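One structure below.
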Amino acid sequence: MLPFLGAALVVIPLLWPRADVAGLGMPLSSAMLYIFISWAGMIGVSFLFGLAARRMVAREDASTEAAPWRP
Amino acid sequence: MATMNILILVCLGYVVLLFGVAFAADRMAAAGRGRWLRSPLIYTLSLSIYCTAWTFYGAVGSAARSGLEFVTIYLGPTLVMISWWWGLRKLVRVGRSQRVTSIADLISSRYGKSNTLAICVTILAVLGGTPYIALQLQSITLSFSIFAEADPSGLYREGASVFWVAAGLAVFAILFGTRNLDANERHHGVVTAIALESVVKLFALLAVGIFVVWGIAGGVTPMMERIDASEIGRWNVDAGRWMTITFLSAAAFVCLPRMFQVMVVENDDEAHLRTAAWAFPLYLLLMSLFVVPIAVVGLDLLPAGSNPDLFVLTVPLSQGNDWLAMLSFIGGFSSATSMVIVTAMALSTMVSNHVVMPIWLNTRERRSSISGDVRNVVLMARRISIAAIMALGFFYYRLSGGGAALASIGLVAFAGISQILPALVGGLFWRGATRTGALVGLSVGFGLWVYTLLLPGMGGGIMSASVIENGPFGMGWLRPQALFGLEGLDPMTHTVLWSLSLNALAFCVASLLSFPSPLERLQGAQFVNVFDHSVAPGGWTGSVAQSEDLMIMTQRILGAAPAQEFFQAEAERQGVRGRLPEPTPGFLERLERELSGSVGAATAHAMIGQIVGGSSVSVEDLLAVADESAQLLEYSSQLEAKSAELTRTARKLREANEKLTQISMQKDAFLGQVSHELRTPMTSIRAFSEIMRDTDGLSADETRRYATIIHDEALRLTRLLDDLLDLSVLENGQVNLNMGEASLRTVLDRAVSTALAGAERRLKVRRSLPSERVALHTDLDRLGQVFINLISNAQKYCDAAEPTLTISAHDVGGQLVIDFVDNGSGVPADAQSMVFEKFARVGFDKAGGAGLGLAICREIMQRLGGEIVYLPGQGGAAFRVSLPLAHRQAAQ
Amino acid sequence: MSRKVLLIEDEPNITEAIRFLLTREGWVVETHAEGGNAVETILAARPDLVILDVMLPGKSGMDVLRELREHADMKALPVLMLTARGQSRDREMAEKAGVSRFMTKPFSNVEVLTAVRDLYAQASRS
């Protein structure tokens, strides 16, 4: 799910009107705001996902005793 | 104004600091301390060598030229980290389980350890890496020149400074990158230094950004207004480029040799990826946060025509903030240095493993190839490669003149290196991918990249303008920047579109058309299903392999001690006694993986192949390949384990059998001896008794004499039987010790008188009475028996004219030691080891018993907790009886 | 011409017994007590018959016999072998080495005398 969300967020700016075509496009400051906020959002989601994954792995480790692979 | 001198001093100081950090981290890692060196944080920070001087300076320049397009460079990796996390995890696990040393190694390893492929990837990486290194050198030089312009002394010479920068970076990379050979012993020093550098550059960029937003613009809102009012204040991004560059940077993030080095080779723990998945995008976000403000302010403040690539430096300088400029200079400097060092390390590993080593191996004779220390050759090859790569970068910089904008060189390199992507991703996720496919795909992509992007970009000298305008030989559809008439695209988009899509297409088609070799299939299965079975079926049949040859080779690569340790561990794992394991496929597989950590998969494969020889794929492997289901692979590896077990069992049985045979032979020999000893006296007894019975007219003298012989021989038989019984009781451990206390002197007195009673020959016994005043707590009769035996032996066998036996007692190392030394000719050297064996008799004199006396003595002394040994070189026959101190009590 | 026997035996009492028996039969008995230079002794003494013990100091009776048979003029010399080890393997080895008669100790005097007479008769017939 995350890959699609990320790709969608990154592609959206392409739908905005471009300055050279529409004469007066999306202001750069708004574009920046959009990009950085969505970026931060992705980081946040990834962080939460990491936490969840860690908890899941921890549970797996506890239940299966030995991890399947060790370095 | 900051003078050049201060700048140079700061630079040198910074480099010294880096050296210090790298050295300290190496030391700490070697001492086993410094767990934080292996923390996810360090890992994440080391990933940030992605941000080179190009991103540090060039991003602002790019923003000043084309607005927000620069973020794509950061968005690509962000998307990879966040959404393709599982793919990276697979990459890291494959890299670690196969002990991969570089991206070329990974590709070659996946496609049947093909060195051709490795060389292709290496060439591609070097071609893509050289301009990149040149770019870093250029950025350092440019930033130097900014300060130099301001410096009135005018001491600065551009060429020299580039040279020294390049040389210094080469030295650093050689010092810390080629210290240890095994790629699995990670370069903690370098990684730590890189982590420090990434903190420095982030800090510098943030400092400049904060200065610009709050110092110059006066806060966030005025800044935003200023942005919108600027000449780049409108969304003006080419959709094709936007997607292309995002994709390209994502691909490069995975394929760049330096990224592969820090992400896979230097990875300590897979779990670190989980942290990096959000922390690294965060780092990228912070890096790009202030890029636009700096660009906008730079465009506002600085005179038209000033280089936007250097706004990070020139904006603070124009505001008179020298120290901030200095800081940002250090930031740029560190971005450049860290990138160059890691790239040089990664490329040198590839060059030495895939180009130098195979050539070196080929120039040697087969089999006898392993002469000389391979270890040193590898290290030397790496060092020279680093120097050569730096030199290449330097000359590229000098030749290109540093003209083009920073960002475009970087993108060209990105596009080149991305050609690896189809082979890499296909190799990881598609078992049908073959070596031929990878080769064809790579060549197609590489060729297109050179033709459509690299050559046209290098200016008129190499590709004439007419070719670019009209295509080669006037064939319009082959125009480098408009292939097949696809016009109107940005050149970059055009190249990436064509090269990557044709690359992928060629890769797929060639893979489908070609048939993979068994080894390729095995490797493919291992890569694609790395999570299912990290322990893989082997590719070697060890029937002809010589463990010893392998050992010699391994020692030369890994060093003596680690190699011996590895072989010992393998031997133990197989349950084999001794130091050399059997060359089972499993062992060879592990050995190859161990070696590939040092010299790369293809080279390791070739080296083992030289020794093992012949076919590298066994019937079992073919069977395993025939049915590709994981179950069968597992089943076959179970079979393999079973067969190995059977071999071991057979070997144990053989050993047991040998031992039994030996015991049986010993028993036969013993029975033969006993038979001989019994039959010999019986022969005499029978012969003389028959003579006395059958012969008339024997004289009285003869009768007495023959009766005496019969009597003596009967006594001899009795003694023999006594001795045999005695020995059997002692050997079975059924003897009860009858402990008593007496002084040594008493025991010796009794023994001497018993042994010499009725002897025909006089034996003089010399004793030192004071030393015999030792109290004994032991079985006195048994000890006495030993003494009697020794004394009567001397009496019988001492061949001196005046036989003398010297008995002396000492305290040696906490043991009571009693020596019996006579003045005869002693026991011949070759018989000394035999004297305590049963029926071992020395000399021809058979006056004594059956040759069991000393054997009995040895058994007795063992029961008493001491020992009896023959002392050579004492002049005559010399025996030493020792008793432990525990049996001794205070002198009387 | 007197008949000469060479007795190679390291056990003095057995030597004495055999010497006693054969002397009374009219043999000239020469003795030798070890294996080391037994072959040379035989070659020098040129006996009509050899009585050879197996377990000799220096060199085993088997080896002495084997070496002896390598000499062309010693192929037909009757050799009576005595052993106290009493293992069947020894008999096979001795036969391979070219023994004329093999006896296990202890033997009866009559057996020895009969064997010596037979061997001598065979040798003088051929």
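Since every read-out is calculated from the coordinates, none of them should be taken as a lab result. Note that this is a predicted model, so its numbers are computed, not measured. In this analysis, Cβ positions are derived from the backbone assuming ideal geometry, glycine residues included, and neighbour counts consider all displayed protein chains.
Values for this structure:
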| quantity | calculated |
| --- | --- |
| Projected label distance in nm at A:ILE37 and B:GLN666, using a 7 Å step from Cα toward the beta-carbon | 9.0 nm |
| Reachable lysines, given that their alpha-carbon falls under 20 Å from the alpha-carbon of B:LYS90 and they are not under 8 places away in the same chain | B:LYS113 |
| Cβ-derived FRET efficiency at R0 60 Å, B:GLU655 paired with B:ARG762, nearest 0.05 | 0.65 |
| Sites C:GLU92 and B:THR754 - FRET efficiency at Förster radius 41 Å, r taken between beta-carbons, to 0.05 | 0.35 |
| Computed E for B:ALA388/B:PHE23 - FRET, C-beta separation, R0 35 angstrom, nearest 0.05 | 0.90 |
| Table column - 3J(HN,Hα) (Hz), segment B:40-55, Karplus curve with 6.51, -1.76, 1.60, x for Gly and Pro | x, 5, 4, 4, 4, 5, 5, 4, 6, 5, 3, 7, 9, 4, 4, 6 |
| Extended-chain gain in nm, criterion 0.36 nm per residue less alpha-carbon gap, B:GLU572 and B:ARG693 | 36.5 nm |
| Given charges at beta-carbon only (K, R positive; D, E negative), |dipole| of segment B:739-889 in Debye | 200 debye |
| Ranked by how many other beta carbons lie within 10 Å on average, peptides B:822-830, B:656-664 from highest | B:822-830, B:656-664 |
| Mean Cβ neighbour count within 10 Å, used as a protection proxy, ranking B:217-230, C:46-59 highest first | C:46-59, B:217-230 |
| Pair B:ALA801, B:THR116: separation of 7 Å Cα→Cβ label points (nm) | 9.2 nm |
| B:GLU589, B:GLU702, C:GLU11 arranged by Cβ crowding within 10 Å, fewest neighbours leading | B:GLU702, B:GLU589, C:GLU11 |
| Inter-chain shielding of B:688-694 (mean C-beta neighbours from other protein chains, 10 Å cut-off) | 4 |
| Residue-averaged beta-carbon neighbours from other chains (10 angstrom radius) around C:54-65 | 1 |
| Exercise: per-residue mean of other protein chain Cβ atoms within 10 Å, B:106-117 | 0 |
| Nitroxide proxy distance, nm - points 7 Å out along Cα→Cβ at B:SER145 and B:GLU867 | 8.3 nm |
| Net lengthening on full extension, B:ASP830/B:ALA742 (0.36 nm per residue, minus Cα-Cα) | 27.9 nm |
| Per-peptide average of other Cβ atoms within 10 Å, ordering B:238-248, B:43-53, B:666-676 highest first | B:43-53, B:238-248, B:666-676 |
| Modelled label reach - C:ALA44, point 7 Å along Cα→Cβ, segment C:53-75 residues with backbone N closer than 17 Å | C:59, C:68 |
| Potential lengthening between B:LEU301 and B:SER643 on full extension [0.36 nm per residue; Cα-Cα distance subtracted] | 115.2 nm |
